[in-house]
Amino acid sequence: MAGSMRAWQIEGDGGIDALSLVERPRPEPGPGEVLVRMTANSINYRDLATIRDPLSRGFPLPRIPNSDGAGIVEAVGSGVATVTPGAAVTTTFFQDWEDGGCTPAAMASALGGAREGVLAEYAVLDAGGVLPQVPHLSGEEAACLPCAALTAWNAIFETAALRPGDTVLLLGTGGVSIFALQFAAAAGIRAIITSSSDRKLEEAAALGAAGTINYRDVDDWPAAVRDLTEGRGADGVVEVGGPGTLQKSLDAVRVGGTVALIGILTGGTIDPLPVMRKSVRLNGVYVGSRRMFRDMNRAIGKHAIRPRISEVVPFEDAREAYRLMASQQHMGKIVIRF
Ligand SMILES: NC(=O)c1ccc[n+]([C@@H]2O[C@H](COP(=O)([O-])OP(=O)(O)OC[C@H]3O[C@@H](n4cnc5c(N)ncnc54)[C@H](OP(=O)(O)O)[C@@H]3O)[C@@H](O)[C@H]2O)c1
């Protein structure tokens, strides 16, 4: 059908099985906007959580999921001088966060949440809501960057401000943690990583991890982190586990270290006392700004970093991508190819 496109949409609280593939009118870019023909999406745990429980998030339904896409600019609206048709671009998670600290306005511009997402053949985005793709990356690789990579970058270099020679603790081998491992390795930061899988830990070592710990086998993994840091603890933690891992992360971080609080993979309760006793800096991280994204892209280009993609699923089978993520068999990223 001319003038139409296919899109996946969340229609209610039925979870992955209730995602539906629909025909919608192809959107037109208004002033200051661009129309992007998507070539790939990557998915994040947050997209799975949104699909599982959309009603609590308070956005209107139906809603197209996903924040992370790559594609080709098809057309631009009036007044757009910075982006040209034919350009290969990557979406930014927040359409409206250029630099400085996060703001309510930025939070209200998140794709696949407050704003319509990008699991559609075409998406209209702000001209400032796309960035040029890093040249050495394919569209599928570029689609991995907007959320997971930028969150890892923000946690390590902005929030924890780690330097060469420091040690960072990474939890599990999902999208955020594997990018954090790759960035740490490129920057000369020692990475200690945990996983439930020895196979994944072997691969993490090959990607540059200096220390590996199986958190299923080693319940007292903070002690293992101290052993690997001459009793000191990690300088920074990329905390993706949430309430169920935070207490141990506080145990594993050094006195005066930083815990970058990112994730919600696990539930539990926290005793905040060690935050005070160890003078820990506990800092929430919410993806990152466009300026951070540019800095990250420069480093990815310079170090020829390629995202670690576990699975690529065709657009028509998008539901399978979320099922794969729910199974936690993946390492790094899961991609949807259009
Ligand atoms: N604040 C933000 O801006 C932001 C941005 C991105 C992501 N996040 C959050 O960060 C978390 C990770 O996101 P993601 O997209 O990277 O997820 P993901 O790719 O789905 O990561 C899943 C992996 O986490 C690991 N994991 C699960 N439970 C664990 C535990 N108890 N201890 C250690 N590792 C555990 C597992 O690794 P193994 O299989 O190796 O055991 C699992 O495979 C999510 O909660 C997400 O919502 C937040």
Failed condition for L273, given (1) within 16 Å of the ligand (Cβ to nearest atom); (2) surrounded by fewer than 20 Cβ atoms within 10 Å (Cβ to Cβ): (1)
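Here is a list: G332, G301, G268, G257. Which entry is outside the structural domain of A106 (by TED's automatic domain parsing), in contact (Cβ under 8 Å) with a residue 12 or more places away in the chain and within 16 Å of the ligand (Cβ to nearest atom)? Steps first, answer last, please.
Details: G332 fails: outside the structural domain of A106 (by TED's automatic domain parsing); G301 fails: within 16 Å of the ligand (Cβ to nearest atom); G257 fails: within 16 Å of the ligand (Cβ to nearest atom).
Result of the check over G332, G301, G268, G257: G268.
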Unmet criterion (only one of (1) crowded, with 17+ Cβ neighbours inside 10 Å; (2) of a type in the set (A, V, I, L, M); (3) under 13 Å from G112 (Cα atoms); (4) more than 16 Å from the ligand (Cβ to nearest atom)) for L48: (4)
Residue, surrounded by the fewest Cβ atoms within 10 Å (Cβ to Cβ), within region 258-270, restricted to residues that are out of contact with any Gly (no Cβ under 6 Å at 6 or more places or on another chain) and within 19 Å of A223 (Cα to Cα): I270
Pair list, Cβ < 8 Å and 6+ apart or interchain, from region 83-105 residues that are on the phi > 0 side of the Ramachandran plot and in a loop (DSSP other than H, G, I, E, B) to residues that are surrounded by fewer than 17 Cβ atoms within 10 Å (Cβ to Cβ) and at pLDDT 95 or above: G86/I72
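Take A149 and tell me if it is surrounded by 21 or more Cβ atoms within 10 Å (Cβ to Cβ) and under 13 Å from the mean Cα position of the chain (by Cα).
Working: surrounded by 21 or more Cβ atoms within 10 Å (Cβ to Cβ): yes; under 13 Å from the mean Cα position of the chain (by Cα): yes.
Taking the combined requirement at face value, the residue satisfies it.
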Every residue from region 155-194 that is closer than 18 Å to G288 by Cβ and surrounded by fewer than 24 Cβ atoms within 10 Å (Cβ to Cβ): F157, E158, T159, A161, Q182, A186, A187
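Somewhere in region 305-316, is a residue more than 16 Å from the ligand (Cβ to nearest atom), in contact (Cβ under 8 Å) with a residue 60 or more places away in the chain and touching a Lys or Arg at 6+ places or on another chain (Cβ under 8 Å)?
Taking region 305-316 first, the residues more than 16 Å from the ligand (Cβ to nearest atom) are 305-306, 314-316.
Of the ones still in play, those that are also in contact (Cβ under 8 Å) with a residue 60 or more places away in the chain are 305-306, 315-316.
Among the residues that remain, those that are also touching a Lys or Arg at 6+ places or on another chain (Cβ under 8 Å) are: 315.
Within region 305-316, one or more residues are more than 16 Å from the ligand (Cβ to nearest atom), in contact (Cβ under 8 Å) with a residue 60 or more places away in the chain and touching a Lys or Arg at 6+ places or on another chain (Cβ under 8 Å).
Wholly within region 109-226, which helices (runs of 4 or more DSSP H) include no fewer than the required count, namely at least 1 residues that are β-branched (V, I, T)? Spell out the reasoning first.
Values: elements: 139-142, 150-153, 175-187, 198-206.
Passing ranges, in order: 150-153, 175-187.
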Residue within region 56-79 that is touching a Pro at 6+ places or on another chain (Cβ under 8 Å), on the phi > 0 side of the Ramachandran plot and not in a strand (DSSP E or B) present: yes
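With respect to G231, is the statement that it is over 20 Å from I300 (Cα atoms), free of Cβ contacts under 8 Å to residues at least 60 places away in the same chain, within 10 Å of the ligand (Cβ to nearest atom) and part of a loop (DSSP other than H, G, I, E, B) true? Give the steps one after another, and end with the answer.
Values: over 20 Å from I300 (Cα atoms): yes; free of Cβ contacts under 8 Å to residues at least 60 places away in the same chain: yes; within 10 Å of the ligand (Cβ to nearest atom): no; part of a loop (DSSP other than H, G, I, E, B): yes.
Criteria not met by G231.
The values are calculated or read from the model by the stated rules, or taken from the named source; none is laboratory data. Please read all numbers here as calculations on a predicted model, not as lab measurements. Virtual Cβ from ideal backbone geometry, glycine too; neighbours counted across all protein chains shown.
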